[in-house]
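See structure below.
The values are calculated or read from the model by the stated rules, or taken from the named source; none is laboratory data. A quick note: this is a predicted structure, and the numbers were derived from the prediction, not measured. So basically every Cβ, Gly included, is an ideal-geometry build from the backbone, and we count neighbours across all protein chains shown. The area values use the complete protein model at the heavy-atom level, side chains included, leaving out ligands, DNA and RNA. Shrake-Rupley method; radii C 1.70, N 1.55, O 1.52, S 1.80 Å.
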Amino acid sequence: MKIGWATDIHLDFVEPKRFNTFTNQVNDAGIDHLLISGDLAVADILRDRFQKLASTLNSDITFVLGNHDFYGSSFAEVGKNVPKWAAEAGLNYGHQQVTRLTKKTCLVGLNGWADGTAGVGKRSNIELNDFYHIEDFKKLSVTQRFKKLRELGEENAAKTRELLIRALETDAPNILFLTHVPPFVEAAWHKGKPSNPDWAPHFSTPLVGEVLLEFANAEPSREFMVLCGHCHGEGRYQPLPNLRVHTGGAEYERPVLQGFIDDLK
């Protein structure tokens, strides 16, 4: 099976010609299964873009959501609608799913979210569009925002633990973790360097990273690979011999195929 990966394709910014370039790239590569690690579009056009991807690509598609996918809506509304829209289009919504992708590889999916704990933490003065375009953040003070981010991070860390336990119950030697936000500051790349302390709270989720480190340390015979995006900067980070994080680069209006996954080798 040939598995491809894309991230932060932001189809709300993509004109038809660029969309065709992207889908032709995927189809010409002969991919059997495409993984997308979030930021497909914005909430009010997700359903339409799911249909377009399904009708244009020859491959199966598994995706998780990123922060932009909630723009113009709320966590609850998107959480209610996306499973239905994905099923209608024949796409696989990977959030909180454990799937045997190949004989050797188990896929774990989680939407993910920055947890506000990295860098200078709640002392960061960065104002993301998230805080103005997602209903759950709009009326929150700065203090409340960071409390919310922490809650999301703790929730995702707990979900990561549950999912990895399920994945390790299989005999797959390779665990592929598909998520949106880098689980380590060192994997939150911007212009070839990790995000600086002001931006790091919004571009990494160390609480999830701690769980990944715990499981990779406990299972040295298994290979763990994380596929993520969010930062639009490309880079690789390997905190352990059996744990690698691939962060995909991205540019608005120009979605690309990041590469291929060959049973983590």
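Here is how the numbers come out for the structure above:
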item	result
Kirkwood Rh and Cα Rg combined as Rg/Rh, the stretch 146-212	1.03
Centroid-to-centroid separation of the stretch 196-229 and the stretch 55-123 [C-alpha atoms, Å]	17
Top positive-direction residue, dipole computed over the stretch 1-79 with Cβ charges, set ILE9, ILE31, TYR71	ILE31
Dipole of the chain, positive end: most advanced residue of ILE165, PRO201, ASN111 [Cβ charges, Cα centre]	PRO201
Apportionment of accessible area to carbon and sulfur, the chain, percent (1.4 Å)	48
Label-point separation in nm, ARG161 to ILE126, each point 7 Å along Cα→Cβ	2.7
Rotationally averaged projected area of the stretch 36-104 (alpha carbon convex hull; nm²)	4.8
Where the chain is the region considered: accessible area per residue in Å², 1.4 Å probe	45
Assigned charges on the beta-carbon of Lys, Arg, Asp, Glu; the stretch 55-206 dipole about Cα centre (debye)	220
Fraction of beta bridges assigned by DSSP in the chain that are antiparallel (%, nearest 5)	30
Net lengthening on full extension, GLN97/LYS193 (0.36 nm per residue, minus Cα-Cα)	31.4 nm
Pairwise label distance in nanometres, GLU135 with ASN58, each label 7 Å out on the Cα-Cβ vector	4.1
Lys, Arg +1 and Asp, Glu -1 on Cβ, resulting dipole of the stretch 141-212 about Cα centre, debye, nearest 20	340
Peptides 93-102, 128-137 ordered by average Cβ neighbours within 10 Å, highest first	93-102, 128-137
Kirkwood-type radius of the chain, with distances r between different C-alpha atoms, in Å	18.3
The stretch 179-218 - Kirkwood radius from inverse mean 1/r over Cα pairs (Å)	10.4
Pairs of alpha carbons in the stretch 105-227 whose separation is greater than 26 Å (percent)	24
